[in-house]
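Okay, structure first, notes after.
What follows draws every value from the coordinates through simple rules; no lab data is involved. Fair warning: this is a prediction, and the values are worked out from it, not measured in the lab. Every residue, glycine as well, gets a Cβ built from its backbone with ideal geometry; the counts of neighbours run over all protein chains shown.
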Amino acid sequence: MIVIKTIQEIRDRVGAWKKEGLSIGLVPTMGYLHEGHQSLIRKSAEQNDRTVVSVFVNPIQFGPNEDLETYPRDLERDRAAVEEAGGDLIFNPEPAEMYPDHFTSFIDTTETTELLCGAVRPVHFRGVCTVVGKLFNIVCPDRAYFGLKDAQQFATIRRFVRDLNFPVEIVACPIVRESDGLAKSSRNTYLSPAERKAAVILSKSLNLGRQAIEEGERDAGKVIDIITASLKSEPLARIDYVEAVDFGNIQRVGRIQGETLVAVAVYIGKTRLIDNFLINTEEKQ
Ligand code: AMP
């Protein structure tokens, strides 16, 4: 597995592929790869001639009291995971390569970033959009792959790509889960054994909300109440948010109709976990 550290080398390598007429998929990640990331890499490898995986813990998307320093890193493990999933190359720049002195230009978004994680992590999406925009300009992929585990991130990237005319197709990939339902995440490694057991409450509670909708509930407040009550039954869980929003603009909905995102963020001990489901339903009379 080739690991490239500089923007110039990536440009040279990708430029040569483009000259050969090869299509290129990009999978942006922060590393410590698991089967969720690998599902994105696999899809890219299916749909493109070459797949670039970026492994970069992006400092500008972390707030001052977040886990930038402790975020898990293991490039050797990531190499094997990319290889196994059919990726061709890892781009693993140092922060100074991506953010030279006097770096002062950002991609800033509104609307889709007002609620959910955007409300509680003020610099987060500006950091995500800026690094993803830079990666698009560095790699010039035909397609880029994002997981619906981070559904607000997906909606936001889709929006800025449309608004700013980035010539890349954005592909959504479903959430990959552990056998008990916990969404796979690099941050799951922070959980103690007791917390790991407790963390199943996120998917369990979301399932109760989904079930209520499937049985005909259309009042978003009631669905949120069902999920909230279930989350509160777990003593190790502390709710950050439970929301139902329109998946297009990430604004709150009163009724569940059209494509709705139901999303939660919950602290299990000190670890903040997110999970969600998307549901597309017609209003029942
Ligand atoms: P991260 O390394 O956490 O920044 O994630 C990189 C990409 O992998 C993002 O597009 C995530 O949405 C996606 N991803 C992370 N976890 C999962 C998962 N459990 N299922 C599907 N995609 C995921």
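The table for this structure:
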item: Packing-based order for 86-93, 168-175, 100-107, 122-129, using average beta carbon neighbours within 10 Å, highest first; result: 86-93, 122-129, 168-175, 100-107
item: Label-to-label distance, nm, for residues given as T70 and L236 (7 Å Cα→Cβ offset); result: 1.5
item: Rounded to 5, percent antiparallel among DSSP beta bridges of the chain; result: 55
item: For the range 274-282, Karplus couplings with θ = phi - 60° (6.51, -1.76, 1.60), whole Hz, Gly/Pro x; result: 10, 7, 6, 9, 10, 9, 10, 9, 8
item: Angle in degrees between helix 35-47 and the longest Cα principal axis of the chain, rounded to the nearest 10; result: 60
item: Average Cα contact separation per residue, the range 2-173, under 8 Å, 6 or more apart, as relative contact order %; result: 29
item: Nitroxide proxy distance, nm - points 7 Å out along Cα→Cβ at K18 and A80; result: 3.5
item: For peptides 63-71, 150-158, sequence by mean Cβ density within 10 Å, most packed first; result: 150-158, 63-71
item: Burial ordering of L148, L135, fewest other beta-carbon atoms within 10 Å first; result: L148, L135
item: Cα gyration tensor shape of the range 44-119, rounded if a/c is under 1.5, else prolate or oblate by comparing a/b with b/c; result: prolate
item: Residue order, fewest to most surrounding Cβ atoms within 10 angstrom, among Y241, Y145; result: Y241, Y145
item: Folded to 0 to 90 degrees: helix 151-163 orientation relative to the chain principal axis, Cα; result: 50
item: P(r), alpha carbons of the range 143-285 - 5 Å bins starting at zero, rounded %; result: 2, 10, 19, 21, 18, 15, 9, 5, 1, 0
item: From phi via Karplus (6.51, -1.76, 1.60), per-residue ³J(HN,Hα) for the range 172-189 in Hz, x at Gly/Pro; result: 8, 10, x, 6, 9, 10, 6, 5, 8, x, 4, 5, 5, 7, 4, 6, 4, 5
item: Computed [θ] at 222 nm, deg cm²/dmol, the chain (DSSP H ≥ 4; -39,500 (n - 2.57); rounded to nearest 500); result: -11500 deg cm²/dmol
item: Those lysines that a straight Cα-Cα span of less than 19 Å connects to K149, excepting residues fewer than 8 apart in one chain; result: K43, K184, K204
item: Euclidean distance between Cα centres, the range 138-211 to the range 246-285, Å; result: 13
item: Relative contact order, percent, the range 145-265 [alpha-carbon distance under 8 Å, six or more residues apart]; result: 20
item: Using alpha-carbon coordinates, inclination of helix 220-232 to the longest axis of the chain, degrees; result: 90
item: Low-density loop positions, trypsin sites (Lys or Arg not before Pro), the range 1-69 - DSSP coil, at most 15 other Cβ in 10 Å; result: K5
item: Taking the range 169-234 and dividing mean pair separation by its residue count, relative contact order in percent (alpha carbons under 8 Å, at least six apart); result: 27
item: Cα gyration tensor shape for the chain, rounded if a/c is under 1.5, else prolate or oblate; result: prolate
